Amino acid sequence: MTSWKNPNFYKAMINATNGIKHALKNERNTRIQVFFGILAIILGVLLKINLIEWVIVISTINIVIVTELINTAIENTIDLITSEYNEKAKIAKDVSAGAVFITCIFSAIIGIIIFGTKIFFA
């Protein structure tokens, strides 16, 4: 049996980077999330948001992208386990996608609060 354990920290970081590259290359939604994250950073610079707002924006971007990566991992794991339709597999994929969706909704609300305030009440 082959061990999947990383032999050292460097190898672990290489594998993690490969996972991120794979998601960016193969997952449209990951690219969309990164695009909106970059857009939020650009808006933050242009609108000169304060330190607390930066912490909130960067944390929100992080949560969305991490949730998307976890969703991708769950979906790929399910696809590895079964290629046939299975109601439990569908539920797992739908719930995982739902987690990303909820994260995106709340991120959009946070963006509206932070950036909307700067745009409409400046």
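The table for this structure:
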quantity	calculated
Solvent accessible area, Å² - Ser83, 1.4 Å probe, full protein context	120 Å²
Area of Ile20 that stays accessible when all protein chains are in place (1.4 Å probe, Å², to 10)	80 Å²
Kirkwood Rh and Cα Rg combined as Rg over Rh, evaluated for the chain	1.08
Spin-label pair Ile70/Ile38, simplified geometry with 7 Å Cα→Cβ offset, distance in nm	2.6 nm
The chain - mean residue ellipticity at 222 nm from DSSP helices (-39,500 (n - 2.57) per run, n ≥ 4, rounded to 500)	-27000 deg cm²/dmol
Percent of C-alpha pairs per 10 Å bin, region 20-74, short to long	24, 47, 23, 6
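The values are calculated or read from the model by the stated rules, or taken from the named source; none is laboratory data. Since the structure is predicted, the reported quantities are computational estimates derived from the model, not experimental observations. Note that each Cβ is placed from the backbone with ideal geometry, even for glycine, and that neighbours are counted across all protein chains shown. Keep in mind that these areas ignore ligands, DNA and RNA; they rest on the heavy atoms of the full protein, side chains included. Shrake-Rupley method; radii C 1.70, N 1.55, O 1.52, S 1.80 Å.
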